[in-house]
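Presented below is the structure to which this report refers.
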Amino acid sequence: MDAAPRPVTDIWPAAWREVYPELKKIARARLHAAGPQAGLNTTALVNESYLRLAQRLGQVEFASPGHFYAYAAQVMRSVIVDELRERRAERRGGGADPVTLDTHVAGQLVEDNDEALKVDAALTALARVEPRLAQVVEMRYFGGMSDSEVAAALGITDRTVRRDWDKARALLRTML
């Protein structure tokens, strides 16, 4: 019995405990970038990411720790964007116009900063045109990875990562 390999489901919780501190760092950086409108705390983001990653258990293979962290950053991005969309829909009544008793106040309602949603839309558009650039942005911006970590995960040089990062930032700036 002891010589038999353990099922992946037995290994997953132990592996999660090992990567949890690094994922907390990534989540903290992502939530800081998303701002207070994200409505999540670091622990909630990591735990929600765990639930989404656990659903894909056995379907996704990671060639290196860099690949795992890149995928985790992508999952965190989707959790944040989903949360922002949900809060936006609830807050606005599912598309209904806000109604007030004072007509002067209705025109002065301040829209929340939807920067994270705009960045997500721009990044999605970038991924259709330049998939590698979008991966570099996800890993650096959403994953908090260094140039060398991104290079190792994508199998390219550090210099290529820096060029891709500069190009992606320029393209995203024009999109936003």
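The values are calculated or read from the model by the stated rules, or taken from the named source; none is laboratory data. Just so you know, these numbers come straight off a predicted model, no measurement behind them. Here the Cβ is made from the backbone with ideal geometry for all residues, glycine too, and neighbour counts use every protein chain on show. Side chains are part of the model used for accessible areas, which takes the heavy atoms of the whole protein and leaves out ligands, DNA and RNA. Shrake-Rupley method; radii C 1.70, N 1.55, O 1.52, S 1.80 Å.
Observations, loosely collected:
- Vicinal HN-Hα couplings computed from phi for the range 15-20 (Karplus, 6.51 cos²θ - 1.76 cosθ + 1.60; Hz; Gly/Pro x): 5, 4, 4, 5, 8, 3
- From phi via Karplus (6.51, -1.76, 1.60), per-residue ³J(HN,Hα) for the range 43-59 in Hz, x at Gly/Pro: 5, 4, 5, 5, 5, 5, 5, 4, 4, 5, 5, 5, 5, 8, 3, x, 9
- Ala125 paired with Trp16, simple spin-label distance in nm, labels 7 Å along Cα-to-beta-carbon: 3.7
- Between Thr174 and Asn41, the modelled label-to-label distance comes to 4.3 nm, taking each label 7 Å out from Cα in the direction of the beta carbon.
- These residues, Lys24, Lys118, go from largest to smallest accessible area, 1.4 Å probe, as Lys118, Lys24.
- Formal net charge of residues neighbouring Ser148 (Cβ-Cβ distance under 12 Å; K, R +1; D, E -1): 0
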